[in-house]
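Inspection log for the structure reproduced underneath, given as structure tokens.
The values are calculated or read from the model by the stated rules, or taken from the named source; none is laboratory data. Nothing here was measured: the structure is a model prediction, and the numbers come from that model. We place every Cβ from the backbone using ideal geometry, glycine too, and count neighbours over all the protein chains shown. Surface areas here come from the heavy atoms of the whole protein model, side chains and all, with no ligands, DNA or RNA. Shrake-Rupley method; radii C 1.70, N 1.55, O 1.52, S 1.80 Å.
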Amino acid sequence: MLKQFGIFIILLCNSFLVFAEPLISSENGLHYFGQLEYFSHEKKLSLEEVRKLEKKAWKTTPLDKASFGFDKQHYWFRLPLKNTFASNTPWLFRSEYPLLDTIDLYLFSGSKLIQEFHSGDKFPFHQRPLDQPDFVFPLSIKNDAEHVIYMHVHTTSSLQLALSMHTESSFWQTIAIENATKAAFYAILLSMIFYNAVIFLIIRERSYLYYVLYLSSFTLFMASIHGWAYKFLWPNSPEIHQLSVVFMIGITICTAAIFTSSYLHLKEISPKLNRVIKTLAIVSIASAFISLFLPYALMIRVNAALAFIAAGIAIFSTIQEWLRTRNREVLIFITAWTTVLIGFLLYSGQKFGFLPVNNLTEHAIEIGAVLESLLLALGLADKINSERKARISTQERMLEIQIKANQELDNKVRERTEELEILNDQLQESSVTDSLTQVKNRHFFDNSFLSEYRRAYREKSWLSLLIMDIDHFKKFNDNHGHQAGDKVLQKVASAIKSAVKRPGDAVSRYGGEEFTVVLPNTPKEGALLIAERIRQTIEKLKIEWQGEMLSVTMSIGLVSRTPSSSEGEATLLKQADDFLYIAKDNGRNQVAYEDNAPSTSINQQN
């Protein structure tokens, strides 16, 4: 436990270092702006109409308080630029909140419109002026005239601006620091997902699986808020981006509820509270899918309320359990949920316009999430360690029973092994037997022919090979059908087996209508007698099929050698195949071999 706690302290310190940079006050570019003026209207006005508004129609607000909560009205902002200077490189105007639906920006130099941009998360990501998750506009300031920005914003999400102005070099330095911070945040979450997933795969404890699901959904939720999911996952689908935030809130609540139930074993210790948690999970998943169809502004409020309820129930249930058991991992669980709840309260209060926009409220969820993920990982480890000790004690009591059971099992295994050996022999036999003809198959031939060839080479003995093919078998199939052809193959195979007498002679189906016979220790004269016996047997064979008596003939290629090389089996096989084709070319129904005449002369010799 002390080692785990030490690791936790190290990670906790690192997490504070990650977020220290954004919380340190630094130059933010506010001195480039004059007073922010704004005007809101139910309908969108044109730029010309807005510029003609009287001065009294405009309201003023400090830039750091430019947060208007969830407001469906169209907002126009007027912002004069000051302390800017003519530059060959663009000035970069930035709105850091990435969930604005529509932003129309117009830059005036004096009374002349010199630039305009139309952006927002209702447009595909590639339409943004700069490839950034928030909104950045390159402004061309080429003279020292007075420059004014008019900006129209309309959104169903919280309306925040978080504006800043940068020179190009200053902007990229700022982005580098921010990206490093965000990368560290996501690296912590992803490493915790991976770490807990590996533990789940090792020990198969469901709490780790539910925790991985919770962290994964929360990570995707944060990536949607920050705009990274839009940039990397669905850049051409603004509809998915707009739905992802509110949808992932419901999914995150659901996985968090299931994790809480599993972590605290609520099914066993508090069935009533477990039913409440499971109901909350069902409601949240239903809310997630309903949010795909109902307005964003409504469902973000519903899902935010569900998040508060879920966090409250989680804290209540854990406090109740801790008061009952004084369990250490439960106390860690309480602390973890408290940190994320505080972070969510600060962030939500800012988005609804109750709290100011600053580094603390903007990054409250990230800070709470990092602390929560580390604390929960520590709590899970401590919980599993306690359960492991209990299991060891139980296992010792069961060891004696297991030894006795193993002895009985050994006896059964011995009996089963003997049965399996018999079945294995049968299986091996079936694996080398052609299922249709019940002679050996091509696999058996390839292995046995190579083995017989090499034995003949070692012993300097004769080896003969017959390759046989049923004449005109394709035409036979076309005329009588494949079922008749199958019966012919069965009868021919049986006839070949009956003509081959010695146990060591191997009959195989080579493929299709082709058969082979391997004849060890058999010179050409003996092999020719067997070949002629087979040919004549097939020629006399009568096969009854649907009231008709059918017959076929066989062409045979024969080769006999005393092998002079240990690697010549392929050559021997090719020679036999060549003689088979000679037999076919010379009229079929005959045996062809080296230096022989057609079949009629062979018959005369025998």
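For segment 259-330, a simple Cβ point-charge model (Lys and Arg +1, Asp and Glu -1, everything else neutral) yields a dipole of about 160 debye relative to the Cα centre. The residue among Gln115, Phe93, Leu161 whose Cα reaches farthest toward the positive pole of the charge dipole of segment 77-168, with charges on the beta-carbon of Lys, Arg, Asp and Glu, is Gln115.
Scalar couplings 3J(HN,Hα) for segment 114-129, obtained by applying the Karplus form with A = 6.51, B = -1.76, C = 1.60 to θ = phi - 60°, are 10, 8, 8, 9, 10, 9, x, 7, 8, 9, x, 4, 5, 7, 6, x Hz; x denotes Gly and Pro. The convex hull built on the alpha-carbon positions of segment 220-327 has an orientation-averaged projected area of 7.2 nm². Relative to the compact-globule estimate of 2.2 N^0.38 Å, the Cα radius of gyration of segment 92-147 comes out at 1.19. Taking label positions 7 Å along the Cα-Cβ direction at both Gln35 and Arg458, the computed distance is 10.6 nm, reported to one decimal. Under 5 Å between amide hydrogens, built in the peptide plane, is the criterion, and for Leu159 it picks out Phe68, Gly69, Phe70, Asp71 among residues at least 5 positions away or on other chains. When the square roots of the Cα gyration tensor eigenvalues are ordered a ≥ b ≥ c, the ratio a/c for segment 396-530 is 1.5 or more and a/b does not exceed b/c, which makes its shape oblate. A viscosity of 1.002 mPa s and a temperature of 20 °C, combined with the Kirkwood radius over C-alpha pairs in the Stokes-Einstein formula, give segment 166-270 a diffusion coefficient of 137 µm²/s. Distance from the alpha carbon centroid of segment 234-270 to that of segment 496-553 works out to 72 angstrom. Using the Cβ-Cβ distance between Lys574 and Leu436 with R0 = 22 Å, the FRET efficiency computed as 1/(1 + (r/R0)^6) comes to roughly 0.25. For Leu139, nonlocal amide neighbours, meaning residues 5 or more places apart or on other chains whose placed amide H falls under 5 Å from its own, are Trp91, Leu92, Phe93. Entry note, segment 100-233: relative contact order of 24 percent, from Cα contacts under 8 Å with a spacing of 6+ residues. Its residue count N fixes a reference of 2.2 N^0.38 Å for segment 475-606, and the Cα radius of gyration divided by that reference is 1.09. Contact order, relative form, for segment 238-327: 38 percent (alpha carbon pairs under 8 Å, 6 or more residues apart, mean separation divided by residue count). Using θ = phi - 60° in the Karplus curve 6.51 cos²θ - 1.76 cosθ + 1.60, the 3J(HN,Hα) couplings for segment 533-544 round to 4, 5, 4, 5, 4, 5, 5, 8, 5, 10, 10, 8 Hz; x is entered for Gly and Pro. Summing Cβ point charges (Lys, Arg +1; Asp, Glu -1) relative to the Cα centre of segment 184-314 gives a dipole of roughly 260 debye. Of all accessible surface on segment 119-169 at a 1.4 Å probe, what whole percent is carbon and sulfur? Using a 1.4 Å probe with all protein chains present, segment 119-169 comes out at 51 percent carbon and sulfur. Amide hydrogen proximity for Thr433: with H placed 1.01 Å from N in the peptide plane, the residues at 5 or more positions away or on another chain lying under 5 Å are Asn441.
Over segment 156-216, the fraction of Cα-Cα pairs per 10 Å bin, rounded to whole percents and listed from the shortest bin up, is 19, 27, 23, 19, 11, 1. Relative to the Cα centre, the charge distribution of segment 394-455, modelled as +1 at Lys and Arg Cβ and -1 at Asp and Glu Cβ, gives a dipole magnitude of about 220 debye.
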